[in-house]
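Heads up: the structure comes next, in structure tokens.
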Amino acid sequence: MPKSLVTKEPWRYSAAGISIALRVTPRGGRDDIDGIEQLADGRSVLKVRVRAIADGGEANKAVLVLLAKSLGVPKASVKLLSGATSRLKQIAVDGDPARLGEALRQLASAKSTDRGN
């Protein structure tokens, strides 16, 4: 099946910026974006791993810092909307939605691999 039919973008645009659905792996060995994954229920998420442990919000802070750095926005522009104690999180990023979407597309496509082929 063509990849474009399988993976839809796990982010939504708004007037203020963009909101991203994430699946976070704490203690993942490195701070990195691992591409887009489709969950069993059909939702798409951006896979993120961080070295920090999921204790006292450390992993959440590391995720926000990683996204700010990766997207070239100030840390204050990246906020956790939901999922503080869950692997699945919603993150809001303030800024130009078109530029942020393009940056996310490039980050995700550089990391997403077609493991099925």
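Read-outs throughout are calculated quantities, based only on the coordinates presented, and are distinct from any laboratory measurement. Fair warning: this is a prediction, and the values are worked out from it, not measured in the lab. Every residue, glycine among them, receives a Cβ derived from its backbone with ideal geometry; neighbour counts consider all protein chains shown.
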### Query
Ile53: net charge of surrounding residues, Cβ under 15 Å, Lys/Arg +1, Asp/Glu -1, itself excluded?
+3
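Report the local net charge at Leu88: Lys and Arg +1, Asp and Glu -1, summed over other residues whose C-beta lies under 9 Å from its C-beta. Kindly include the intermediate steps, with their values, before the conclusion.
On the way: positive: Arg23, Arg43, Arg87, Lys89; negative: none.
It works out to a net charge of +4.
Can you give the extra length, in nm with one decimal, that the chain gains between Asp96 and Ser14 once fully stretched, where that is 0.36 nm per residue apart less the Cα-Cα distance? Please report the intermediate quantities before stating the final value.
Numbers: separation 82, 0.36 × 82 = 29.52 nm, distance 0.94 nm.
Here the answer is 28.6 nm.
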#### Entry: Net charge over other residues, Cβ less than 15 angstrom from the Cβ of Pro26 (K, R count +1; D, E count -1)
+4
### Query
Taking a temperature of 25 °C and a viscosity of 0.890 mPa s, what whole-number D in µm²/s does Stokes-Einstein yield for the chain with Rh from Kirkwood over alpha carbon pairs?
172 µm²/s
### Query
Cα to Cα, under 18 Å, and not fewer than 8 places away if on the same chain: which lysines meet these conditions relative to Lys8?
Lys47, Lys89, Lys111
### Query
For labels at Lys61 and Lys75 in the simple 7 Å Cα→Cβ model, what's the distance in nm?
0.8 nm
### For the stretch 24-46 versus the stretch 79-97, the gap between their alpha-carbon centres in whole angstrom
13 Å
### Task
Could you go through the stretch 92-109 in sequence order and give the Karplus-derived ³J(HN,Hα) for each residue, using 6.51 cos²θ - 1.76 cosθ + 1.60 with θ = phi - 60°, rounded to whole Hz, and x for Gly and Pro?
9, 10, 7, x, 5, x, 5, 5, 5, x, 5, 4, 5, 4, 5, 4, 5, 6
